[in-house]
Structures are given as C-alpha cells and as structure tokens.
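Encoded as structure tokens, the structure appears first; notes follow it.
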Amino acid sequence: MARNVSGTDKFEFNDIQRKYTGEYLNDILKGFYLFIPKLAIFTSFLFLIFSATGVAVGAELFFFNALLLLFVGYLFLYMMVDQRANVACIGVINEARDSQLKYVFGMKQEKIKYYANVGSVVMNFLGKDANEAVQKNLAPSNRVYDMLIDKKTYTMGYLLPGSTGSGKTVTLNTTVFLPAIKSGNGFFYLEGKGDRPITEGIMGFIYQYGRENDVFILDFGAAANGGFTNGLNPLAIGSSKTVGELLKSLIDVMKGDNKWVSDMAIAFLEAILLPLVLLRDINLVIDPKHLQSIQSYDDFAKFDKKQFNITTLLNYLNFQSAIDLLYMMQRMFKDPKFLERVNATQEYGSLKKDLSENIIGRLLRNLTGHNIDVTALKEPVYASMSPDIKRNHPKATEDWINALEIFGGEKFYGNIFNKDEADFEALTAIQTGKIIISILPSMSASPDQNAKMGKMITAVAKSSIGYMLEQGSIVGQRKEKSRDKRYRPRKLPYGYIFDEPSNYANEDISQMSSMVRSIGSDGGGMAIIWTGQSRTDMDKIDDNKKIASEQLLANLGFTQCLNIQDQGWKDVMVKKTGEGYAVRENNYDGVKGGNEDANYREYKREKEKKYEENFFENSLRPQTGESIVSVKGYINEEKLVSWYSEAPVCDLFINRNISSSKLINHFRSLSQSEEFLASLKERIEEEFDDSLIKDDGLSLSFEQEVFSALQLLANTAYPALKGAGDFTLKLLAKNNPKAHGDYTYSTHNINIYNVTNKSREHLIATAVHELAHHIVYKLTEDHGHPKIFYKTLHELLGYAMGLEELYFDYNEAKEKNMIDSNDIRLMERFFKEPRVTKRD
C-alpha cells in the first residue's frame, strides 16, 4: 500500500506495520472516553442554567443529555469490565486488532498476527536532551503507528548496532528476549562480556513469567571455579563429519610448512570417529580395554555401555585403542546379528556401498599410513613396536588430548561439556523452545581460550541446525512432504543472539546465518541476531578477509540502528538507508526573451544521502530508545522509539516439552493468573516432596502420571477386554543394557529402565511396547513376539496418536528410538505404518 507524502511515495510494511494498532489507539480511545464525561458534565451544567431560566430549548437539551449519559455509561462498562488492550498478548502467536473502535461497537473484528512489538514509529525525535526526549518522543501527537513484526520478518535476521550505553540491552529485551519468554518460546544467547547483570535481568523476566524450568545456563566462569552450571554432551548427536568439525574448533589449525601436523591430527580423529559414531548410534560404545574381548555381537551384553562423550573419546585417542577398534569392527562386520542391528537404522541401512569400507576403510588406511601392520590375524601390541615407527605418532594425538583435557576436565570446563549426566541436549532444546544462555569469562580467561569456548558453543548450535537441514528425503510424492515430520523449532521463531562478539567471532556464525536463512520461517523458523559496538568485530569471523562477514551482513535483513560512534557501522547504515533524490525549484521573475515580461521556474533533480554519517552519532541519543529501522525489501526506513509496556491481560503459556493449544491458559485478570500460578507451584512442590520420592530419586507422582496415561490407552483401545487395565508400572533409574523395559507375565508388572532425564512422552512410547505384551497375554496367554503381538502394537500406537491427552507423535518416537527399532520394522512389514485411530 503506497501513500503520497510530500511528493514522494512512502511504502508501509504490508502485514508487518499497521496504523492504529497497539498502545497508540489505546491512547486515542482513552482520551475519547475521558472527554465524553467532561462533555456530559458541561451539558448538565447548561441544562441546569436553562431550566432555571425557563428557556424552551431545555427539553431538547435534556433529551440530548440523556442519550449522552447512556453512551458514557456504555463506554464506562466496556472499559472497566471487558476492555482488552491492543498490546502483545502472551500466547503462541500474538494478535492485534486493526481498529479497537470496531470492536467497541460490535463491528467486524480484523486481526493481524505478529511476533514482537518493536516500538513506536514517530514523526521526529523531540526534546533538547535525553531526559526531555524520553518525555516527549512518545506523545500521541508525535506517534504514527506501532511497528509489529511477524514471524517472517523476524526470521530475516536482525542487526542491532550500537555504541556503549546506547541501550542495546534494553532494546534486546523489547524485541527479542521478552517476546520469546512471554510466548513460551526460546532463544540461544551467547554473551561475550561476562556481564552477569545482563543475565540476571533476563533471569528476572524468566522467573516473572514462570519459565525457570525452561532455561539452561552455561556459565564458563562458574565451571572453572567449582560453581554451578548446566552442562551438555556436544558429541551426542550429529554425523562423524559434524562431530569432527565441532572438535576442530578446539585446536589451533597450523598453516604453511607446519600444516602437515594439523592434517595428521585431523585425519586420525576423523578415522576413529566413523566407527565410534556408528557404535554411539546403536548404543554399543564400551570401554576400549574390552574391545579385544568382543568376538561376537552377543559379547556386548557382558560389558557396560558408555556415553559417547569427551571422556570416552579421550580413552580412544591412542594407537592401541585405534588398532583394537579396527579389529573389533572387522569381526562385527562378519556377524549377522550386528549387521542386522546396523541395517535397522535409517542412516546406515541406506548405505549402498560396502558397509565395512564406509565405516572402517579410512581407519585401516590411516593406521597403515602410520607404518602399523594391521594385516595379521591377531591385534598387534603397540607398546612393543619400534621407536622409529612411533616417532611422529604423538603429533596425531597430542593436540586433541591437550584440548579435550581442558574442555573435558572437571577442573576446567568439563562441567559444561563433559557432565556425567547432561542436563539437556541442544537439538531437543532448540526444537522445543528452551532458553540457552552462555556466559564467556572474558575478564578472566585468555583471548585464545575465549575464542575457543565461543567457537565450541557456536559449533554446538551449528551442528543442531545442520542436523535439522540434513533430515528428510527429497524424493517421494508432494503429499508425503509433511512439514510436521521435519526437524524444526515448533510454531515460533528461535533466535540465536550473538552479543558483543569481539571475543569469540568466528566463521561458523556466518555459515549459521546461511543455514538459518535456508530454513527461513519453515515450522517455527529461525533468526540470527547480531549486536555489537564495532563493525570490525564482524570482520574477525574470517580474519579480516571480509568475505564471510559480508555474507553475514547480507543475511541480516532487519536492521535497528541505535546511537553509533564506530565509523564502520556509520558506513553500513548510510548504505542501508540508501540515497534519495531531492527536487529543487528556482523561481525567476523578469525578462525572458526580448522585452516580454514573464515568470518561469527551473527544476533540478539532485542526488543526496538520506542520512549523513554524523546523524547516527549526534541525532540518535543514547538511553532514549531512538533508532532508525531499515528492512530489506522495503523502500523507506523509519524513525522508531523502543519502549516496553506490560500486557494488562495475562495469558500464561505452560511449556512441557511440546507445543499444544491445550497448554495455553487465558485469564481475564491478574488475580486469576496469580491464583493459578500459586496452585501450580503447590503441585510442583508436592511432586518434589520427600515423602513422594522413591529410593532411586524418581518422583512417584510422575510415575502415576505415566501409569494413568497407559491405563487410559489400554481401556480405550480394548474396552471389552477384561483386565486390559489390570497391570502395574515401575519406572526405574537403573540401566538395563539388554532392554528399555520388560513385562512379567505372572505379576502383570511393567518395568521401564533408565528413565532419568526422559520426558513423559518418551516413557509412554517405550511402555506401549510392554503394554502390547500385556494385552496379548490377556487375549491369548501367548508369550514372546507372535504375529498377534505386532498387530496389537500397531493398534495401540494408532490409538495413542488419537488420544490428545497423550501428546504421542509416532514419527518422533520412531526417529528417536523410543520404541525398539526391530519391533517397529517388523510391525510395519506386517501391518504398515499405524494411523490415527479414535474410539467413537
């Protein structure tokens, strides 16, 4: 939509900015209903005067006054009882009305959907100084409209340049942190200054909106000093290539004449990662000292399984372990049971070439290249080899060992990257809208360590995005390309915020911006947010080559510029706001040709910059919220003032690892929401009451919740079967390497093992397998896995998808191995993939 302003076309943001939405109209309406009572009082006063003097017009005035009082009463009742303000509602997607007056008079309600209220577009920046600007800028006469950005605009990428003290943190609160926290969404925030007050402020909002269970803080300073921090396992997901790229961020890759040293180390790591990642994916990672004892697939049952983490990788980073790993894998690729287990996985089962060559071919060639003879039937003993053979071998492992001991050691940063039990998994946290905050110790750690920590954290985020992009097939019919089956953040855009990146800027951020743009607004969508004081920080990502930094800048389509003093940012903003054309008019009175009197005009079209460089330093005042907003694809930039206003209607979004409309609670008043929060806290406290905690530390109430869900499923699927719901359930923390769960026919008891850190939905999916055994036994008294077992499992899964109370996602359960993959494969062979089934 275009409108003519001062002879130039000005384009409004279609579906992004709307006039008369937000607090602007609230101000107009507020003024309107406050003016009417004054008018009513004034006319009443006139009525009394006319009545006292006996003027005939008094009767007509009385009638008018009565109508006016009725109208005032209507407005008063509406504003006091049913008033809903046009500010950001807290929910899955915010809504704003185009016209609240239409809503008042019961006319058609027109709504737009938006994600964040950035602030108010103003005609001019007013006031002599910052204090006066704060008072005058948002005066109703100066405000034009509120700038509302939708999901699609947010996922363009967001650039927020600003000098020290310009108000970047407050602006981030308005545009990024609060919209995510209030709507049940999340973000990935990397704070480069180690500025704890910033994190404390974010945590204040998180607690205010009841999101304290949805946040994970990676505090590097606390980790190095024995303080509390959350932790994750960066090696838990991703292909061997992805894991290798992530680990390369920990070492200094040499160049020039010494490049061969780094090449040797990287080649050795990549060679052992291929088989180790395969063993990780099928849950068969064991201590390397037991490798020689694994002569067949059944021997794995004799040994405890290990998490594939930094400690495990350190144990494998030696040549004897590499030799034993090669020989063990060669034996396994001849074992039918092992091959069946591998082929049951989607990733490895689709490999067309020789599986052995794909997985261990590189390791075989790497060891041979190190002059180690691996052709003998028995594993060679590395310790007995000659010093000449081993002379250069330390160069293949030393850099990795030194780096991993720092980042995996408990005295350093092991509490972040190498916890015994990870607090969260990055991919799942991003998909389910969790908040991840990383605080780098820029004041205490060396610049080199800060850079490596930042690169490691960035690589963790990048590997999760890469995993999302790699999933899915490009073949098949269009109807099979359901977006629900893709790995994407759910419903709302997930933001990656890089704040003050001078200490950790790296090329992965530029690559992330391109990957995020590939996802766009698909599913919930993603956005890169970059904020900093200096343009040179961005150039650091590729050692001032200015190739990757220009790529990153091009991928940030939404720019909000605060007060800036850096020349680099000034140059960027002059380009982003572009150049305009001014038409200048000169009038001439006098003689034109001979003696004939005439007036004529001369027009000149001159090119000029819309904003000079000094404008961004002198006219955008710090701590006022004043900014210039420019959006790629729209012609005109806007003068905008950021502000934050609490929504008077409290809508609480409760996040339980899933996104569902049933988890959004709407309240008409603050007192109702506070009562609900109080009852919710009481319920949570009851769950963690000592009397309700079992010996293994698990919650009895959580066990009861899973049990109730299974009983509902059994009775829904088999209502006529006597005893369908007659079973017991035990959730156990201990690990059982042979099975996720089991069913005891004599006692009708279901045991589910290794339940720590498993979600309710994960445990229900696992328990459905054992519930199928129970149903089959009640039907036929058969044991084991006859064909009727797979039919029963197929029916139960269909009803599980149909029960809204279970929130069961079959595709997610299948992809994350919540149910035994062999049983899934046989069930689908006999009965195909289950479909949603509901009981009439």
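Within the range 342-349, is even one residue assigned to a loop (DSSP other than H, G, I, E, B) and either closer than 30 Å to PHE188 by Cα or touching a residue at least 60 places away in the same chain (Cβ under 8 Å) (or both)?
Within the range 342-349, one or more residues are assigned to a loop (DSSP other than H, G, I, E, B) and either closer than 30 Å to PHE188 by Cα or touching a residue at least 60 places away in the same chain (Cβ under 8 Å) (or both).
Suppose we keep only residues that are under 12 Å from ASP499 (Cβ atoms) and in contact (Cβ under 8 Å) with a residue 40 or more places away in the chain within the range 162-172. Which one would you say is nearest to the chain's Cα centre (by Cα)?
LEU172
With farther than 15 Å from LEU274 by Cβ, crowded, with 16+ Cβ neighbours inside 10 Å and free of Cβ contacts under 8 Å to residues at least 24 places away in the same chain as the only criterion, which of LYS302, LYS334, LYS306, LYS378 stands out?
Testing whether each residue is farther than 15 Å from LEU274 by Cβ, crowded, with 16+ Cβ neighbours inside 10 Å and free of Cβ contacts under 8 Å to residues at least 24 places away in the same chain leaves just LYS306.
Say whether the condition of being in contact (Cβ under 8 Å) with a residue 24 or more places away in the chain and assigned to a loop (DSSP other than H, G, I, E, B) is met by at least one residue in the range 259-277.
No, there is no match, as no residue in the range 259-277 is in contact (Cβ under 8 Å) with a residue 24 or more places away in the chain and assigned to a loop (DSSP other than H, G, I, E, B).
Name the residue, out of LEU803, LEU771, LEU796, LEU779, that is modelled with pLDDT under 90, within 27 Å of LYS722 (Cα to Cα) and surrounded by 18 or more Cβ atoms within 10 Å (Cβ to Cβ).
Going through LEU803, LEU771, LEU796, LEU779 in turn, just one is modelled with pLDDT under 90, within 27 Å of LYS722 (Cα to Cα) and surrounded by 18 or more Cβ atoms within 10 Å (Cβ to Cβ): LEU803.
Anything in the range 216-270 that is over 25 Å from LYS419 (Cα atoms) and at pLDDT below 80? List them, or say none.
Residues satisfying the conditions are VAL253, MET254, LYS255, GLY256, ASP257, ASN258.
I'd like the full set of residues that are assigned to a loop (DSSP other than H, G, I, E, B) and modelled with pLDDT of 80 or more, limited to the range 414-427.
ASN418, ALA422, ASP423, GLU425 - these are the residues of the range 414-427 that are assigned to a loop (DSSP other than H, G, I, E, B) and modelled with pLDDT of 80 or more.
State all residues of the range 719-755 that are out of contact with any helix residue (DSSP H, G or I) (no Cβ under 9 Å at 6 or more places or on another chain), of a type in the set (Val, Ile, Thr) and surrounded by fewer than 14 Cβ atoms within 10 Å (Cβ to Cβ); if no residue qualifies, say none.
THR747
Out of GLY201, GLY244, GLY221, GLY238, which single residue is under 29 Å from VAL285 (Cβ atoms) and in a helix (DSSP H, G or I)?
Result: GLY244 is the single residue among GLY201, GLY244, GLY221, GLY238 that is under 29 Å from VAL285 (Cβ atoms) and in a helix (DSSP H, G or I).
Which of the following residues is surrounded by 20 or more Cβ atoms within 10 Å (Cβ to Cβ) and at pLDDT below 85: ILE541, ILE564, ILE628?
Being surrounded by 20 or more Cβ atoms within 10 Å (Cβ to Cβ) and at pLDDT below 85 holds for just one of ILE541, ILE564, ILE628, which is ILE541.
One line per residue, one yes/no per condition, for (1) among the β-branched types (Val, Ile, Thr); (2) closer than 17 Å to TYR718 by Cα; (3) part of a helix (DSSP H, G or I):
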site	(1), (2), (3)
ASN754	no, no, no
LYS758	no, no, no
ILE764	yes, no, yes
GLU770	no, yes, yes
TYR799	no, yes, yes
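Tell me the residue from SER442, SER438 that is surrounded by 14 or more Cβ atoms within 10 Å (Cβ to Cβ), among the small types (Gly, Ala, Ser), not in a loop (DSSP other than H, G, I, E, B) and not assigned by TED's automatic domain parsing to the domain that holds ILE323, please.
SER438
For residues that are in a helix (DSSP H, G or I) and surrounded by 20 or more Cβ atoms within 10 Å (Cβ to Cβ), scanning just the range 811-840, find the one that is modelled with the lowest pLDDT.
Here the residue is ALA813.
Hey, among THR397, THR345, THR368, THR375, which residue is of a type in the set (Ser, Thr, Tyr) and under 20 Å from ILE286 (Cβ atoms)?
So the residue among THR397, THR345, THR368, THR375 that is of a type in the set (Ser, Thr, Tyr) and under 20 Å from ILE286 (Cβ atoms) is THR345.
The values are calculated or read from the model by the stated rules, or taken from the named source; none is laboratory data. This structure is a prediction, so every number in the text was calculated from the model and none was measured. Every residue, glycine among them, receives a Cβ derived from its backbone with ideal geometry; neighbour counts consider all protein chains shown.
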